[in-house]
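The values are calculated or read from the model by the stated rules, or taken from the named source; none is laboratory data. What you are looking at is a predicted structure, and each value in this text was computed from that prediction instead of being measured. A quick note on method: Cβ atoms are made from the backbone with ideal geometry, for glycine too, and the neighbour counts reach across all protein chains shown. Surface areas here come from the heavy atoms of the whole protein model, side chains and all, with no ligands, DNA or RNA. Shrake-Rupley method; radii C 1.70, N 1.55, O 1.52, S 1.80 Å.
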Amino acid sequence: MRIGLIGTGRIGTFHAEVLSRHPAVDSLLVADADPERAAVAATRTGASAVPVDAMFTGGGRGLPDALVICSATAAHASLIARAARAGLPVFCEKPIALDLPGTLGALAEVEAAGSILQLGFMRRFDAGYGEARGAVRDGRLGRLHTVRAVTSDPAPPPADYLPLSGGLYRDCLVHDFDILRWVTGREVSEVYATGSDAGPAMFRAAGDVDTAAALLTLDDGTLATATATRCNGAGYDVRMELAGELDQIAVGLDDRTPLTSAEPEGPGAPAKPWPGFLERFAPAYEAELDAFLRVARGELANPCDGREALHALRIAEACEISRRERRPVAMEEIPGG
């Protein structure tokens, strides 16, 4: 396969490295709004650097068989639309767009073209979350009554990223919202959310929060909490606890979880805590790209299409309204359902 990749920042270069060694990829084209950065990534991965437009026009080389989009978020929707019109299967890092109108517009382009769009919610490909989904679906936990989701970054992102991120709910907790739906098989019916900007001043300047919490009621009455922070100095911590009438399990609890027991005989701090998302989810990132190549070849049903991303974004939108207006928000208030 001949694969194109747009966006050669940190995650884009990581994906390029994965694709460059995949046995189904014969050649890899990389592009970036900054041609010099694309050239560096091409040298690093053995790819060919091309202009962004060449992905959609061929540029004398012919179109790629499929396209991976890892560009700045603001460009996602327009690139998805161009790819749809060119008939290219697309894998795109979340989100489709930072707002509902942009998301719905891009999805309309994909649906009108009848093309493929897979979104990058890598937790769906993590072994622990897969095991949790199985435990819920086959009844091992009994009636599920409580879910607790945690996402904690070890340090804040650069200040200039915050105004472009969409905020903590859309940028970070959206992963928890997606995986909550995927693991439980239920929909969120209502949210109540709050946040704190008591940390670094750059969050207040960006109108964002550095720490947030949401209480989500699922359509079968299950209660879920989702918390996130940008300021978890112990390390990168992503976990999910699922409690049922028969049993309770945890995802993300291992010898690298940055959690220290306060009990005298409890486990101490990990010797090598997870430093970030690329390290924690490296196998999942590889698995999702492998799945995309199989989807593009017609060998696999799409495991995370654009409508799935829309559902997660709608929950994030509801949380933003709840935080701002200090009230519960029913999901039926949010367009796009």
Do you know which residues across the range 283-304 are within 21 Å of Val174 (Cα to Cα) and free of Cβ contacts under 8 Å to residues at least 60 places away in the same chain?
none
Flagged in the range 93-113 as out of contact with any Lys or Arg (no Cβ under 7 Å at 6 or more places or on another chain), under 18 Å from Leu164 (Cβ atoms) and of a type outside the set (A, V, I, L, M, F, W, C), in numbering order, are Glu93, Lys94, Asp99, Pro101, Gly102, Thr103
Kindly provide the set of residues from the range 289-337 that are of a type outside the set (Gly, Ala, Ser) and part of a loop (DSSP other than H, G, I, E, B), ordered by number.
Arg297, Glu299, Leu300, Asn302, Pro303, Cys304, Arg326, Arg327, Pro328, Ile334, Pro335
Looking at (1) in a helix (DSSP H, G or I); (2) buried (at least 23 other Cβ atoms within 10 Å of the Cβ), can you tell me which one Asp160 breaks?
(2)
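Could you check the range 288-301 and list, in sequence order, the residues that are out of contact with any Pro (no Cβ under 6 Å at 6 or more places or on another chain) and surrounded by 19 or more Cβ atoms within 10 Å (Cβ to Cβ)?
Of everything in the range 288-301, those that are out of contact with any Pro (no Cβ under 6 Å at 6 or more places or on another chain) and surrounded by 19 or more Cβ atoms within 10 Å (Cβ to Cβ) turn out to be Glu288, Leu289, Phe292, Leu293, Val295.
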All positions within the range 104-121 that are in a helix (DSSP H, G or I) and either open to solvent by 20 Å² or more (accessible area, probe 1.4 Å) or under 17 Å from Thr73 (Cα atoms) (or both)
Leu104, Gly105, Ala106, Leu107, Ala108, Glu109, Glu111, Ala112, Ala113
Quick check on the range 50-59. Is at least one of its residues open to solvent by less than 20 Å² (accessible area, probe 1.4 Å), over 24 Å from Ala113 (Cβ atoms) and more than 18 Å from the chain's Cα centre (by Cα)?
no
Could you please find all residues in the range 130-157 being closer than 14 Å to Arg186 by Cβ and either assigned to a helix (DSSP H, G or I) or open to solvent by less than 30 Å² (accessible area, probe 1.4 Å) (or both)?
Ala132, Arg133, Val136, Arg137, Leu141, Leu144, Val147, Ala149
Those strands (runs of 3 or more DSSP E) completely within the range 220-262 that have 2 or more residues that are without any contact (Cβ under 8 Å) to a residue 40 or more places away in the chain, open to solvent by less than 50 Å² (accessible area, probe 1.4 Å) and more than 11 Å from Arg148 (Cα to Cα) are none
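The rows are residues; the columns are (1) among the small types (Gly, Ala, Ser); (2) over 14 Å from the mean Cα position of the chain (by Cα).
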residue: Phe125; (1), (2): no, no
residue: Thr151; (1), (2): no, no
residue: Gly166; (1), (2): yes, no
residue: Leu180; (1), (2): no, no
residue: Ala198; (1), (2): yes, yes
Tell me, please, whether a residue that is under 21 Å from Gly336 (Cβ atoms), touching a residue at least 40 places away in the same chain (Cβ under 8 Å) and more than 14 Å from the chain's Cα centre (by Cα) can be found in the range 89-97.
no
Under 6 Å between Cβ atoms, at least 6 apart or on separate chains: pull out the pairs that start in the range 182-204 with a residue that is closer than 18 Å to Arg170 by Cα and hydrophobic (A, V, I, L, M, F, W, C) and end on any residue that is part of a helix (DSSP H, G or I) and open to solvent by less than 30 Å² (accessible area, probe 1.4 Å).
Trp182/Arg124; Val188/Ile315; Val188/Met331; Val191/Ala318; Val191/Cys319; Val191/Ser322; Ala193/Cys319; Ala193/Ser322
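One line per residue, one yes/no per condition, for (1) within 26 Å of Ala106 (Cβ to Cβ); (2) touching a helix residue (DSSP H, G or I) at 6+ places or on another chain (Cβ under 8 Å); (3) touching a residue at least 12 places away in the same chain (Cβ under 8 Å); (4) not small (Gly, Ala, Ser):
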| site | (1), (2), (3), (4) |
| --- | --- |
| Ala16 | yes, yes, yes, no |
| Pro23 | no, no, no, yes |
| Ala39 | no, no, no, no |
| Thr45 | no, yes, yes, yes |
| Thr57 | yes, no, no, yes |
| Leu63 | yes, yes, yes, yes |
| Ala66 | yes, yes, yes, no |
| Ile80 | yes, yes, yes, yes |
| Arg85 | yes, yes, yes, yes |
Any idea which of Arg324, Arg307, Arg314 is open to solvent by 10 Å² or more (accessible area, probe 1.4 Å) and free of Cβ contacts under 8 Å to residues at least 40 places away in the same chain?
Arg324
